[in-house]
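Undergrad: Structure below; questions to follow.
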Amino acid sequence: MTFQLSEITPMSSTLFFVVSKLVWFLIRPETIVLLFFGAGLLALYKHRIRPARWLLGIPFVFLVMLSVFPLGDFVLRPLELSYARNPETPGIDGIIVLGGAEDIGLSALWEQPVTNQAGERFLTAIALAHRHPNAKLLFSGGSGKLRGSGSPKINVARSIFLSAGIAPDRLVTENLSRNTAENARFSRDLLGSQETGTWVLVTSAFHMRRAVASFCTAGWQNLIPWPTDYRSGELIDRIGWNLASNLENLNTGAKEWLGIHVYRFTGRSVSTYMKGCPRPL
């Protein structure tokens, strides 16, 4: 069963948000690895040596391979190739940058804006805003945590944009959204009739396919996808010993592919081949 956008009520949206967080916590790659190790130790405790060898050996081999080879690139790269890099942006009316690049904790601790690995979202949005001085700049991002508010994200984003010379009257901020579907819906509701025209959508390259589909489903038209924050690279250059980075990329890619399919099943995004929606390459 699928849900149309009009059927997504605030209660169902909140339930979806909570369930999605809990499910991802249970099925993320490192959780599965830990479950294998736990089962292996339990088998050893019960003197079941043969099953223990398999339960401990499989995750060990996987972690060694992941330490040496950038396995996450194989799931990230198809996502990052979905839309063209550095597209033409003639006569745009606005720029949308999705939240997720702010490090709220460190920003509060050090009393200055701190970004995470996705900081290129801000750099790209600032560059486009200076290139198109008459375009509005909309930042959309609330709290992606089970508990918390989006206001700190807004404060960090505004501080970054204002310090980069963006005029305050050009900024539009939306701080209630907790996921990509809500980014699209709440931003459109916030802008109202101002949403018409051509808008550039800025987010991480791996996230662009789901973001475009979500915005099209919410009724946005004439979007220009501007992917940034690329994570994958040339395989030969990335072979080495880097478990932490490779695991992070694998997590990111796996979560995004899962999100794409879940969004389609629940009606939060539709095919990017719908009329007026930018098609992936």
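Throughout, read-outs are computed from the coordinates displayed, never taken from laboratory work. Given the structure is predicted, the values throughout are model-derived calculations rather than measurements. Glycine gets a Cβ as well: all are built from the backbone with ideal geometry, and neighbour counts include every protein chain shown.
Undergrad: Which FRET efficiency, nearest 0.05, do Leu35 and Ile236 yield, Cβ-Cβ r, R0 45 Å? Before the final figure, lay out each step's value.
TA: Details: r = 33 Å, r/R0 = 0.73.
With R0 = 45 Å, the Cβ-Cβ based efficiency is 0.85.
Undergrad: Share of antiparallel DSSP beta bridges in the range 84-229, in percent to the nearest 5?
TA: Working: 1 of 20 bridges.
Once the DSSP bridges in the range 84-229 are tallied, antiparallel ones form about 5 percent.
Undergrad: Roughly how many nanometres apart are two label points built 7 Å out from the Cα toward the Cβ at Ala127 and Gln112?
TA: With each label point 7 Å from Cα toward Cβ, the separation is 2.3 nm.
Undergrad: Still on this structure, I have one more. Beyond 17 Å, what percent of the Cα pairs of the range 150-281 remain? Don't jump to the answer; show the numbers that get you there.
TA: Working: 5744 of 8646 pairs.
Percent of Cα pairs beyond 17 Å in the range 150-281: 66.
Undergrad: I've got another one for you. Which is farthest toward the positive dipole end of the range 164-279 among Ala218, Gly233, Thr196, measuring Cα position about the Cα centre, with Cβ charges +1 (Lys, Arg) and -1 (Asp, Glu)?
TA: My answer, from the dipole projection, is Ala218.
Undergrad: Here's something else I'd like to know. For the chain, take the longest principal axis of its alpha carbons; what is the angle in degrees between that and the long axis of helix 208-217, to the nearest 10 within 0 to 90?
TA: The angle comes out at about 50 degrees.
Undergrad: Oh, and also: Length gain on complete extension for the stretch Ala167 to Phe74, per 0.36 nm per residue less the alpha carbon to alpha carbon distance? Before the final figure, lay out each step's value.
TA: Values: separation 93, 0.36 × 93 = 33.48 nm, distance 4.09 nm.
Result for the pair: 29.4 nm of gain on full extension.
Undergrad: For the range 230-259 and the range 83-137, what is the separation of their C-alpha centers, rounded to whole Å?
TA: After rounding, the separation between the Cα centres reads 23 Å.
Undergrad: Another one. With springs connecting C-alpha atoms under 10 Å apart, model the chain as a Gaussian network and identify which of Leu66, Leu171, Leu235 has the largest mean-square fluctuation.
TA: Between Leu66, Leu171, Leu235, it is Leu235 that shows the largest mean-square fluctuation.
Undergrad: Does anyone have the angle between helix 29-45 and the longest principal axis of the chain? Alpha-carbon axes, 0 to 90°, nearest 10?
TA: Approximately 20 degrees, to the nearest ten.
Undergrad: Below 8 Å between Cα atoms, with a sequence gap of 6+, how large is the relative contact order for the chain in percent?
TA: On the way: 458 pairs, mean separation 75.3, N = 281.
Here the relative contact order equals 27 percent.
Undergrad: For the range 117-201, what value does the Rg/Rh ratio take when both radii are computed over Cα atoms and Rh is the Kirkwood radius, given to two decimals? Don't jump to the answer; show the numbers that get you there.
TA: Values: Rg = 12.7 Å, Rh = 13.4 Å.
A ratio of 0.95.
Undergrad: If the only charges are +1 at each Lys and Arg Cβ and -1 at each Asp and Glu Cβ, what is the size of the charge dipole of the chain around the Cα centre, to the nearest 20 debye?
TA: Values: 28 positive and 20 negative charges, 187 e Å.
Result for the chain is approximately 900 debye, rounded to the nearest 20.
Undergrad: Also, quick follow-up: Above 34 Å lies some portion of the pair distances; for the chain, what is it as a whole percent of all C-alpha pairs? Working shown, then result.
TA: Details: 9889 of 39340 pairs.
More than 34 Å apart: 25 percent of the Cα pairs in the chain.
Undergrad: Using 0.36 nm per residue, how much length does the chain from Ser159 to Thr198 gain when fully extended, once their Cα-Cα distance is taken away? Kindly include the intermediate steps, with their values, before the conclusion.
TA: Numbers: separation 39, 0.36 × 39 = 14.04 nm, distance 2.57 nm.
Contour length minus the Cα-Cα distance gives 11.5 nm.
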